[in-house]
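*Asks:* Submitted below is the structure of interest, expressed as structure tokens.
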Amino acid sequence: MDKVMVVTGGSRGIGASIARYAGRAGYKVCVNYREQAGQAAEVVAAIEAEGGRAQAFQADVSLETDVVHLFAKVDETFGPVTALANNAGIMQVALVEDMTAEDLNRLWATNITSAFLCAREAVRRMARKHGGGGGAIVNLSSIAGKKGGRGQRVHYAASKGALNTMTIGLATEVAGEGIRVNAVLPGLIDTDMHGPWGGKKRIETIGPTIPLGRAGVPDDVGAAVVWLMSDDASFITGELLEVGGGS
């Protein structure tokens, strides 16, 4: 069976790094994006330039209809998914006293609902009881999910805490179907997600205070995710792997 990986939010940052590492590891890669078609095309081109196979697929994975359509298109293009990186997510910065239900619902839909919906479609294809050959799911969480967000990110941290719980529970639920489920918890990573909230200044200020002396880069996370998908991690499931330089 061909190795097929779906990377949600794969057009930039950590998602793009996961996709490139997956291509090098021999996966046929679905580079999912919501709006950044040009950036997704660049990721596909980079994978193909290294001899891999990839295609960009547009979908808003917070919407059930889009998720169902996405996995159906991957079936048609590459075959059933054998690995899923639940990477799509957004950050919001606000005090609890200033939050609205609209903001919270958007955050939950993107950070939590999307992970459940994509995991559902993946399990339906991977599970032995459905004729699948097993597989691996890695959820992209955050160290904030353990530490509470440290001010103005409580709701973001709560969404990642929920993702951690989902990881542990789903790992138990599908272990007998040959499916492993783990999470990677990045610390401070130098991506454009931080742009609206301090950007490079935040990276430059906080990075040197991390025990390893720097902020992470997307490849620090991408390598860990694809390793957890690999046979080298075949006896690992339900784990929350921190990639934070000791933070």
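*Asks:* Give ALA162, ALA233, ALA223, ALA215 a once-over and let me know the one that is within 25 Å of ALA109 (Cβ to Cβ) and not aromatic (Phe, Trp, Tyr).
*Replies:* The unique qualifying residue is ALA162.
*Asks:* Any residue in the range 37-60 that is touching a Ser or Thr at 6+ places or on another chain (Cβ under 8 Å), outside any helix (DSSP H, G or I), of a type in the set (Val, Ile, Thr) and surrounded by 24 or more Cβ atoms within 10 Å (Cβ to Cβ)?
*Replies:* no
*Asks:* So SER230 ticks every box in (1) within 14 Å of the chain's Cα centre (by Cα); (2) in contact (Cβ under 8 Å) with a residue 60 or more places away in the chain but one. Which box is left unticked?
*Replies:* Among (1) within 14 Å of the chain's Cα centre (by Cα); (2) in contact (Cβ under 8 Å) with a residue 60 or more places away in the chain, SER230 violates only (1).
*Asks:* Does the range 67-89 contain at least one residue that is at pLDDT 95 or above, acidic (Asp, Glu) and either within 17 Å of the chain's Cα centre (by Cα) or surrounded by 15 or more Cβ atoms within 10 Å (Cβ to Cβ) (or both)?
*Replies:* no
*Asks:* Of the conditions (1) of a type outside the set (Asp, Glu); (2) surrounded by fewer than 23 Cβ atoms within 10 Å (Cβ to Cβ); (3) free of Cβ contacts under 8 Å to residues at least 60 places away in the same chain, VAL93 fails just one. Which one is it?
*Replies:* (3)
Residue-wise test of (1) touching a residue at least 24 places away in the same chain (Cβ under 8 Å); (2) closer than 23 Å to ARG12 by Cα; (3) among the aromatic types (Phe, Trp, Tyr).
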{"residue": "GLN152", "(1), (2), (3)": "yes, no, no"}
{"residue": "SER159", "(1), (2), (3)": "yes, yes, no"}
{"residue": "THR167", "(1), (2), (3)": "yes, no, no"}
{"residue": "LEU170", "(1), (2), (3)": "yes, no, no"}
{"residue": "PRO186", "(1), (2), (3)": "yes, yes, no"}
{"residue": "ASP192", "(1), (2), (3)": "yes, yes, no"}
{"residue": "GLY222", "(1), (2), (3)": "yes, yes, no"}
{"residue": "PHE235", "(1), (2), (3)": "no, no, yes"}
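The values are calculated or read from the model by the stated rules, or taken from the named source; none is laboratory data. Everything quoted here is computed from the prediction, not taken from an experiment. Here Cβ is always computed from backbone atoms with ideal geometry, including for glycine, and neighbour counts include all displayed protein chains.
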